[in-house]
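The values are calculated or read from the model by the stated rules, or taken from the named source; none is laboratory data. Just so we're clear, the structure is a prediction, and the values are computed from it rather than from any experiment. So basically every Cβ, Gly included, is an ideal-geometry build from the backbone, and we count neighbours across all protein chains shown.
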Amino acid sequence: MALVLFSAPSVEPISLGEAKAQLRIDAEDEDALLASLITTARVHLERTLGLALITQGWSYYLDHWPRSGTVALPVRPVQAVNAVKVHDAIGGVTTLDESTYAVDPLSQPGRLMVMAAMPPVAARQLNAFEIDFTAGYGDEAEDVPAPIRQALLLLVAHWFERREPVSFNEGAAEVPMSVAALLMPYRRFGL
């Protein structure tokens, strides 16, 4: 299985101005560092939680179709499934008709189910099936839930103020518990 980002978010969930306000910074000396920390914090939270905060395009590749006929999509929330493709051994690609599968974007994680009695068959052994989908809360920063945006601000501030992972005088500087508390409702739990 492989997951490939093919369309990155067009904006960050928090702006440079919001981060500077959180840190009470007026100067522009640290703008490049803060912009980097904002992107790093977003990517960190997205990977940790299995989320796409701002609208993104993904391709999810499978070697074989599950016997159940249902695939759980690894990034949430799912906005849409754009295409389901089957790759053959000689480089050909067949795109399944939308009427042959159903999408459940409301479940967490979102799911895709092939409606046919027999799941599709491919001749290629590796990455034979490709599901192109769109995930994210929306196109704008304001579409991201406020607790996540606040957690991002706190994480950026934490990393800005503690630029080394370990202080020999005090021990490791852990991520504030407030960040974890804000993100708790968005965590995935397995049964």
If we keep only residues of region 6-22 that are closer than 18 Å to residue 135 by Cα and small (Gly, Ala, Ser), then the residue surrounded by the most Cβ atoms within 10 Å (Cβ to Cβ) is 7
Matching residues in region 61-74 (in a strand (DSSP E or B) and touching a Pro at 6+ places or on another chain (Cβ under 6 Å)) number 1
Only one of 38, 25 is more than 11 Å from the chain's Cα centre (by Cα), free of Cβ contacts under 8 Å to residues at least 40 places away in the same chain and surrounded by 14 or more Cβ atoms within 10 Å (Cβ to Cβ), namely 25
Among the residues of region 41-51, is there at least one that is without any contact (Cβ under 8 Å) to a residue 60 or more places away in the chain, in the same structural domain as residue 154 (by TED's automatic domain parsing) and farther than 21 Å from residue 106 by Cα? yes
If I go through region 15-40 residue by residue, how many of them are assigned to a helix (DSSP H, G or I) and either closer than 14 Å to residue 141 by Cα or polar (S, T, N, Q) (or both)? 9
Search result, residues across region 108-125 that are surrounded by fewer than 19 Cβ atoms within 10 Å (Cβ to Cβ) and either modelled with pLDDT of 90 or more or touching a Leu at 6+ places or on another chain (Cβ under 8 Å) (or both): 109, 111, 113, 120
Surrounded by fewer than 15 Cβ atoms within 10 Å (Cβ to Cβ) and part of a helix (DSSP H, G or I), is that true of residue 48? yes
